[in-house]
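Everything below concerns the one structure shown next.
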């Protein structure tokens with residue numbers, strides 16, 4: 001299990017027998033303080049909204065007051081020990097309006113393969129050619145949800 005307290009600078013792996021550091025944020029005054037008013041945070045503070053722990057990566061979803069209250073993503077490569085900031089065009093797929101920025105998403109492992117699971121609307125996937133194969137109704141303006149599984153690379 002992975003754990004991060006917003007008042008700490010370390011993400012931990014926790015098991016019944018031990019705990020160890022998984023990721024350490026840089027030094028700075030970005031961490032939440034116990035004295036912070038959560039309804040009006042100082043600009044330099046960040047909050048981790050979600051952590052997705054895959055075989056090779058940690059995907060960190062965070063928000064900051066000084067970034068127009070948007071969500072941002074960092075990808076930590078466990079093997080190379082390098083952290084990357086994900087570009088907007090990676091986070092947002094214009095073809096199917098699959099924006100990790102605003103949709104709920106979760107990590108799921110099925111038959112040994114890793115996926116990010118999210119949703120979109122049927123009418124928003126009309127620009128994805130393979131969606132026609134699934135017989136999705138591009139004229140569905142009622143906004144019926146469509147489950148989207150994004151398969152992560154094995155390597």
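Every number here is computed from the coordinates shown, using simple stated rules; none is lab data. Remember, it's a predicted structure, so these values are computed and weren't measured experimentally. Methodologically, a virtual Cβ is constructed for each residue, glycine included, from the backbone with ideal geometry; neighbour enumeration extends over all protein chains shown.
Placing a label point 7 Å from the Cα of residue 109 along the Cα-to-Cβ line, the residues of region 1-17 whose backbone N sits under 16 Å from it are 1-3, 13-16.
The alpha carbon gyration tensor of region 1-86 gives principal lengths a ≥ b ≥ c with a/c of 1.5 or higher and a/b no greater than b/c, which makes the shape oblate. Computed extension length for residue 29-residue 81: 16.4 nm, one decimal, from 0.36 nm per residue of separation with the Cα-Cα distance subtracted.
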